[in-house]
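Peer 1: Questions regarding the structure given below will be posed in turn.
The values are calculated or read from the model by the stated rules, or taken from the named source; none is laboratory data. Note that this is a predicted model, so its numbers are computed, not measured. Heads up, the Cβs are rebuilt from the backbone with ideal geometry, glycines too, and the neighbour counts pull from every protein chain shown. With ligands, DNA and RNA removed, areas are computed over all heavy atoms of the protein, side chains included. Shrake-Rupley method; radii C 1.70, N 1.55, O 1.52, S 1.80 Å.
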Amino acid sequence: MTSVADGQPHAVDAERGGEEDMRSLFGQSTAVFASLAGPAHLVESANQAFFAAIGKERARTGVTLTDLMPELAGQGFIALLDQVYRTGEPYTGRDARVMLGIGAHAREAFFDFTYEPRRDAGGEVIGIRVIGLETTQVKHAQRLMAEHRALVEQIARQAPLTDVLDGMARCIEELAPQELLVSVLLADPDGRRLRHGAAPSLPDFYNQAIDGIATGEGVGSCGTAAHRREAVIVTDIATDPFWTDFRDLAERAELGACWSTPILGRDGSLLGTFAMYHRSPRVPRDTDLALARIFTGTAALAIERHHIEQAKAAADARARAAHDELAKVVRAERELRAEAEQRAEAAAELTARVRAAAAAQAATPHPERCQLGGTGGCTAAAEIKLADSWGDSAWGCPIHVEEAILNVRSVFIASAELGGLAAYLNR
C-alpha cells in the first residue's frame with residue numbers, strides 16, 4: 001500500500017499541477033514500424049514500439065501478421081494490406097480504431113498509420129512497410145476533456161448534484177482505457193462519516209454497506225483518505241490491512257484494488273472522496289493519478305456549488321418565513337387596532353347613552369345612592385335605572401351602569417324615552 005499526498009497548493013502550483021495532469025493524460029506517442037514480406041504478410045522485422053503496442057509477450061518475427069495478431073482478421077486491416085500488396089498503392093489511415101489483444105486483455109487503441117509497398121529492383125511489390133503513430137492517449141484524453149467540459153457546463157447550469165456525479169462516474173468508466181468502477185462519497189457536515197453520492201457500476205449491496213462509514217485511519221481506502229486528507233492507494237485489497245473489516249464485502253463485489261482521493265473544498269474542508277476500483281490488484285500509472293486529480297477537482301466544484309445552492313435555498317426559506325411572520329404580525333396589529341377602534345367607538349356610544357339616560361331619568365324619583373356596587377356597596381349618586389329580562393331593576397351610578405351593560409347581556413336601560421327595552425330586544 002502506498003499513500004500519495006494531495007494537499008491544497010497555492011494558485012500557481014495548482015495551475016502547474018493541472019498542466020502536468022493534462023500532459024500525463026495526452027502522453028508521449030512513439031512511432032511504430034514493421035516490415036512485412038510476401039502476400040501472407042510475414043513479419044520480418046519490427047521496432048520495440050511496435051511490440052510494446054501489441055503486447056511485449058508477442059514480440060517475435062518470422063510469423064505472419066495474422067498468426068501474430070489474429071484479432072486483426074475481422075477488423076479490415078488485413079484486407080487493406082492485401083489491397084496495397086495487390087495494387088502497389090500506399091494507404092494512409094487517420095485515428096483508426098483497433099482492438100488489440102483478445103478477451104480480458106483486449107484494449108482499444110487508435111493509430112495514424114501508412115502502409116507503403118516495398119519493391120524489388122524490378123519494381124515488383126515484395127512486401128509492405130507499416131509506419132504508424134499510436135494516438136490512443138490523445139484520443140482518450142480528447143474525449144475525456146470533452147466530457148469534462150460538458151460536466152462543468154452542467155455544474156454552471158445548476159444541474160442536480162446526483163446527476164452531475166452519476167454522469168461523471170459513467171463518463172470515466174466508459175472512456176478509461178481499462179475497466180474501472182468509480183465511486184463518489186459525500187462527507188457529513190461534521191466530516192465524521194461518508195454518505196453514498198454516486199457509484200453506478202458497484203452493486204447495490206456494496207453501496208448500501210459502505211453508506212455512512214466513518215472517516216478514520218484504517219477504514220478502507222476512502223475512510224482513510226478522508227481522515228488523512230491525502231490520496232490512499234490500495235493496490236491489493238486481499239492483503240491490505242486497511243481493508244480488514246471490508247475484505248469479505250469487497251470479495252463479494254469482486255473488487256481487487258481501490259485508489260481513493262479526498263475531495264477538498266477551497267478552504268481545505270472535507271467534501272467527500274473520489275475512488276477508482278479495479279477488479280484485480282493494480283498499481284496506478286501517472287495517467288491514472290492525473291485522471292483522479294482532474295475529476296476530483298470537478299467533483300469538488302460540483303459539491304461546493306451544491307452547498308452554495310443549499311445555503312441560498314435555506315436563506316431564502318428563512319427570509320420567506322420571516323416575511324410571512326412579519327406579515328402575520330402586521331395583520332394581527334391591524335386587527336387589534338381595528339378592534340380597539342371598535343371598542344372605543346362602542347365605549348363612546350355607551351357613554352353617550354348613559355349620559356342621555358341620566359338626563360332623561362333625572363326627574364324620576366330614585367334612591368340617593370348607587371345600588372350596583374355589590375357587597376362592598378357604592379357611595380356614588382344613583383343616576384340611571386337598569387332592568388333585566390326577568391323584570392328586576394336597580395339604580396346605579398354611570399360607572400357601574402356601563403360595567404353592567406358591558407358584562408351582563410340581559411341588562412338594558414329602563415327608559416321609555418330611550419327605547420330601552422326595544423333597543424335591548426332589537427340589539
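Peer 1: Kirkwood Rh over Cα pairs of the range 245-316 into Stokes-Einstein at 20 °C, 1.002 mPa s: D in µm²/s?
Peer 2: In µm²/s, the coefficient is 152.
Peer 1: What helices does the chain have that are whole DSSP H segments, at least 20 Å long along their own axis by Cα, and with mean Kyte-Doolittle hydropathy of 0.0 or more?
Peer 2: 161-175
Peer 1: I've got another one for you. For Val408, Val138, Val130, Val401, what's the largest-to-smallest order of accessible area, 1.4 Å probe?
Peer 2: Ranked list, largest accessible area first: Val408, Val138, Val130, Val401.
Peer 1: Would you calculate, for the chain, the mean residue ellipticity at 222 nm contributed by helices, counting each DSSP H stretch of 4 or more residues as -39,500 (n - 2.57) and dividing by all residues, to the nearest 500?
Peer 2: -14500 deg cm²/dmol, from helical runs alone.
Peer 1: For every other residue with a beta carbon closer than 10 angstrom to the beta carbon of Pro39, add +1 if it is Lys or Arg and -1 if Asp or Glu, then tell me the sum.
Peer 2: Its environment carries a net charge of 0.
Peer 1: What Kirkwood Rh does the range 194-280 have if only Cα atoms enter the pairwise 1/r average? Answer in Å.
Peer 2: Mean inverse Cα-Cα distance, inverted, gives 12.8 Å.
Peer 1: Over the chain, what relative contact order in percent results from Cα pairs under 8 Å that are six or more residues apart?
Peer 2: It comes to 11 percent, rounded to a whole number.
Peer 1: Return, in residue-number order, each cysteine of the chain whose C-beta is not under 4.7 Å from any other cysteine's C-beta.
Peer 2: Unpaired cysteines in the chain: Cys171, Cys222, Cys258.
Peer 1: Using a simple charge model, +1 on the beta-carbon of Lys and Arg, -1 on the beta-carbon of Asp and Glu, nothing else, what dipole does the chain show about its Cα centre, in debye to the nearest 20?
Peer 2: Result for the chain is approximately 320 debye, rounded to the nearest 20.
Peer 1: Please give the per residue volume of the convex hull enclosing the alpha carbon atoms of the range 172-235, rounded to a whole number of Å³.
Peer 2: Taking only Cα atoms, the range 172-235 has a hull volume of 98 Å³ per residue.
Peer 1: What are the extents of the Cα atoms of the range 324-403 along their three principal axes, in Å, largest first?
Peer 2: 60, 28, 26
Peer 1: Another one. At a 1.4 Å probe, what is the % contribution of carbon and sulfur to the accessible area of the range 31-145?
Peer 2: That share works out to 53 percent.
Peer 1: For the range 98-174, what is Rg from Cα atoms divided by 2.2 N^0.38 Å, rounded to two decimals?
Peer 2: 1.83
Peer 1: Still on this structure, please answer the following. In square angstrom, what is the accessible area per residue of the chain with a 1.4 angstrom probe?
Peer 2: 55 Å²
Peer 1: Taking N as the number of residues in the chain, what is its alpha-carbon radius of gyration divided by 2.2 N^0.38 Å?
Peer 2: With N residues counted in the chain, Rg over 2.2 N^0.38 Å equals 2.06.
Peer 1: So, one more: Within the range 32-129, report the trypsin sites (Lys or Arg not before Pro) that DSSP leaves as loop and that have at most 16 other Cβ atoms within 10 Å.
Peer 2: Sparse-neighbourhood loop trypsin sites (Lys or Arg not before Pro): Arg60.
Peer 1: Sticking with this one: Compute, for Arg305, the solvent-accessible surface of its heavy atoms (probe 1.4 Å) with the complete set of protein chains present, and express it in square angstrom to the nearest 10.
Peer 2: 80 Å²
Peer 1: Same structure, new question: Accessible area, 1.4 Å probe, largest first: how do Cys222, Cys378 sort?
Peer 2: Putting Cys222, Cys378 in descending order of accessible area: Cys378, Cys222.
Peer 1: Another question, if that's okay. Give me the one-decimal nm value for the distance between modelled label points at Arg279 and Arg305, 7 Å along each residue's Cα-to-Cβ direction.
Peer 2: Once both label points are built, they end up 3.4 nm from each other.
Peer 1: Check cross-link reach from Lys312 to the lysines: straight Cα distance under 27 Å, and skip same-chain residues fewer than eight apart.
Peer 2: Lys328
Peer 1: If one computes the Cα centroid of the range 311-359 and of the range 373-411, what distance in Å separates the two points?
Peer 2: Using only Cα atoms to place each centre, the spacing works out to 31 Å.
Peer 1: Local charge sum around Phe205 (other residues, Cβ-Cβ under 13 Å, Lys/Arg +1, Asp/Glu -1)?
Peer 2: -4
Peer 1: Got a number for carbon plus sulfur as a percent of the range 196-298's accessible area, 1.4 Å probe?
Peer 2: C and S atoms contribute 46 percent here.
Peer 1: Further question: By the scheme Lys and Arg +1, Asp and Glu -1, what is the net charge of all other residues having a beta-carbon under 14 Å from that of Arg60?
Peer 2: Net of charged neighbours comes to -1.
Peer 1: P(r) for the range 247-369, please, calculated from all Cα pair distances in 10 Å bins and given in %.
Peer 2: 10, 17, 14, 11, 9, 8, 7, 7, 6, 6, 5, 1
Peer 1: How would Glu349, Glu71, Glu402, Glu383 rank on accessible area, largest to smallest, probe 1.4 Å?
Peer 2: Listed by decreasing accessible area, they come as Glu349, Glu383, Glu402, Glu71.
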